Each structure stands twice: as structure tokens, then as C-alpha cells.
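Beneath this line is the structure, given in C-alpha cells, with notes to follow.
Each reported figure results from applying straightforward, stated rules to the coordinates on display, with no laboratory input. From a predicted model like this one, the values you see are computed outputs, not experimental measurements. Here the Cβ positions follow ideal geometry from the backbone for every residue, glycine too, while neighbour counts run over all protein chains shown.
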Amino acid sequence: MPAQTAEAPVPAPGRFQLDTSVNLLTPAERAARGKEARARVPRDSHAMFDPPSDRQDPIGLLEEQARTRVPELVPVRWGRMMVSPFTYYRGAALPMAADLATTPVSGLAVQACGDAHLSNFGLFGSAERRLMFDVNDFDETLPGPWEWDVKRLAASLEVAARDNGLTAKQRREVVVASAARYRQAMREFAAMTNLDVWYAHADITELRAQFDSRLRERQRRELDKGLAKARTRDSMQQLAKLTTMAGGRPRIISDPPLLVPVGELLPAQRDRANLEEELKGLIAGYQRTLETDRRYLLEQFEFCDMARKVVGVGSVGTRCWIVLMLGRDSSDPLFLQVKEAERSVLSRFVGASRYANQGQRVVAGQRLMQAASDIFLGWQRVKAELDGRAIEGRTRDFYVRQLRDWKFSVEIQFLRPEGLQLYGALCGWTLARAHARSGDRIAIASYLGGSDVFDRAIGRFASAYADQNERDYHALVEAAKSGRITAEHGL
């Protein structure tokens, strides 16, 4: 495996910012930038993963994150991460960011997702009611190296493929196919006009036709079943699933600790009516971050109820709320998700966000990377919020979006070799499109080149990092056995 050289730099804080000045260069000059970067940082150097002897303790980094989270939910996070090496990987964005900061980078910046593992891609409905496939998690987004997203995706494919029982040869084919599709797509985007890149999207109807001949009959049936299911995932479905009628109005059900209505979190002396007035004021503040037409639409809904909801794996313990709004009547619901936004895990390695509000950071990054974003996507800063025991006065940032709007994620654990390879390639294309919108796509394409050198290097990196991930997973299991951490399983 190639060793890192002095010509293969690692990032310094503040080094990565989006550079719009490249638009003043000719395509030939931008391509030359990519070739110069390749000379400094050979493509095969990306195969390297050689952690230093003083590598930061991954469990210590995760414990550091836990200090700012709701204490009674932290054991749930540990328990979810301990299910398998893949669930550990999903929650370990910070340890991997620390590891990636020691690897070679070309110096070409993009708006990075920061957590581009394969479960953070999926389906959702656009404003035009088309079913789209895109990156769908942006908690960690920040300008940074494009390579880090590619490696996060590639290693997730290797880890998932191991969990699914694929052979070493099958795993390598899956990972290399994803890296190759990223490289090929970036070269395609490099040849497009700026507007064509901006309009590019993964419409699921077109993708269904594209992949139809490559799918087995059983896979076609499963895909069609998933697409049909996605179209049923909306606020009406959530109303039936998450609420019950009380006093003639829907109220969110209680299922602690995963779903806890706001009334159950109130101190005894706290008046619900006064709290609801405060919450309405917070919603009004969030409305000001929306476009005028969407603000007008939201004003047609009124606050009905609110609850704390546990979501995901890595996000468990951050403050996440669902808000039920009603339109013309109780059969016209809108569920919003209000999710805490902390500093990106990338920030300590590439520099702080230009946005003081971390919710705005998430929203700005999502709008830049996605082909189409949620119409209710916005942000808010809260100076007094509920943490599960009392109202606390600490300032926290949040972003807001719809809870469900045709959102659907592929069940990775059931994908066999062909399906996982197709899915990985689709994620590779999607990530390239997201990066092409913000970075110098011509320079990156020139850097990647027409051969498979980069693809094979990423394949070797993914295998080496999956080995490290397994060691870290077992370290987490041992931490629970020793009593260092307390895990709650089955939630």
C-alpha cells in the first residue's frame, strides 16, 4: 500500500473554502489545476490508511459528543451502535473524520456531506411531486475535501457488504463500481454547462427504466414495492401512526423514551398553555427563514402538539422534536421535524462554518447539494428549550423540515451482490452530482482521469478502513462490558 509522502498533504483548519474564483478561469486552466493536484497527490495514494501511533481513541471521541446530548438518551445511542459493525459505522462520523484528516487530499474543495454513508441516501418527494433519489442527511455538511465523502461512502459499502456476508471478491467489485461511477459521472458533469449540472437529478422513474434490464424479477418486485411504499409515507400516514384523539383534537401518543409528548416533559409547575404560546413564537421565527410562498403556506397551519422523538443512530441524544400542525381541519395535518444542529464533525479539521447558526449551516449546505430540497426547510435558534427534565436556558440551533414526505430508505441488510453494486453505483453518481454543483468539477474530473487508478485505490482504502471499523466496534462492545459506558439495547 502506498505510503503518504510530503507531496500528499493533509488538511489544516480553515484551509477548505468554496472557491468561486475558478469561474474566471478557462476550462483548460481548470483542467490544468486538476493535473497539477494529481502530480502533488498521486491517485494511488488514496489507498493509504495508516493510522498514527497516537490515533485518537474513537470511544473517547464519541463520549465527548455525548456530553452535549440528552443524558437519558445516550445509552440508547450506544445500544443502537452496538447492533453490528455497520450500525457502529453509522454513528462514528466523528472518529472517521479524525482518521480522514490524516489521509492525502488533492486540495480541491466541495460542499461536503460530511457523513456520506450509504444509508444517508434515499428517496423523497420533490415539490413537483416527483420521486427523487439524493443525499438526505446533512447534519455534518461543511466545505471540505471531496475525497472524504467518497471514502466515507466506499468504506460504508465495504462494511455493509461484510455484514451481508459477501465474499472479498464481491465486496471489492461493489466498492470499485461505486468509485468508478463517481469518477465517470464527474467527468460527464465536467463536460456539461453550468445550468445542465444544476438541473441534473435522479428521477426514480428514469432510474427504474435504466436499471430494469439489470434487475432480476425478484429485485424488480421488491423495488416496485418500495416505490409504492414511499408514496404512502406522508403526514396522513404519520397522523394515523403517531396520534390519538383527545378532546376532539389529535394528540401525539406516548412511547417513552423514543416518543415523549411535550406535556410529559413539563415540570409540574409549568403551564401548557403558556408553553404553547412560546412554541408558536418559535415557529413564527422559523417561518422567516422560508421563501415567501412557503411562508404563506405554513401560515395556513396552526400548532397542535409537539413531542420529543428519537431518530437514527448517530443523532440519538441530540434534541429532536416533531411538531404536529393542522390546516383546514384535523384531516389536513403537517408534521415538521425540528432537529438540533451542532458543529459539524468536520469543523475541527477544516475550520468553522461561515454561519454562526448551525441550523443555517445545515440548510445552506443541503440546498447547495440537493437537486431539490424540502419546501419547509428552514432554521431557528432557541434560547430556552426543553431537555427532558426542565426548561433550560442554553442557546441551541435547530433546522426544520417535514417529518415524512415520500421519504424512503433502502433496507441495506437485504441487498445481495448485484443489488448492492447497483445501489452503490447510484450513490456514487448522486454524490458526484452533489459535488459538481459546488466544487470545480472540471479540475476534479481532470484529477480523477480516465483510468481506474483512483477506483482501485478507493477499493483498497475501504477494505483497510473496514478492518479498523471492526476493531473500533469491538472496542465499543468492550467498553460496555467493562462499565465504561452504559448501553440500552432493543430501542
Helix 358-369 vs. the chain, principal-axis angle (Cα, 0 to 90°, nearest 10): 50 degrees
Phi-based couplings in Hz for region 325-335 (Karplus 6.51, -1.76, 1.60; Gly and Pro marked x): 10, 10, x, 5, 6, 5, 9, 10, x, 9, 9
The chain: C-alpha pair distances exceeding 39 Å, %: 22 percent
Cleavage-rule hits (trypsin sites (Lys or Arg not before Pro)) in region 399-491: DSSP loop, at most 16 neighbouring Cβ within 10 angstrom: 484
Order of 325, 245, 186 - criterion: other Cβ atoms within 10 Å of each residue's Cβ, fewest first: 245, 325, 186
Long-range amide H partners of residue 243 with built H, under 5 Å: 253
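Fewest first, what order do 435, 474 take by the number of other Cβ atoms within 10 Å?
474, 435
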Sequence-separation-based contact order of the chain, relative, with Cα cut under 8 Å and 6+ spacing, percent: 31 percent
Loop sites in region 300-378: trypsin sites (Lys or Arg not before Pro), DSSP, at most 13 other Cβ within 10 Å: 328, 354
Over 30 Å [Cα-Cα, region 235-402], rounded percent: 16 percent
Angle between the chain longest axis and helix 453-482 axis [Cα atoms, degrees, rounded to 10]: 40 degrees
Sites residue 84 and residue 241, calculated FRET efficiency, Cβ-Cβ separation with R0 30 Å, nearest 0.05: 0.70
Mean separation of Cα contacts under 8 Å (6+ apart) over length of region 45-155, as relative contact order %: 25 percent
Degrees, to the nearest 10: 217-230 long Cα axis against longest axis of the chain: 40 degrees
Region 359-385 versus region 80-135: alpha-carbon centroid distance in Å: 17 Å
Under 25 Å from residue 280, Cα to Cα: lysines that are on another chain or at least 8 residues apart: 241, 309, 339, 383
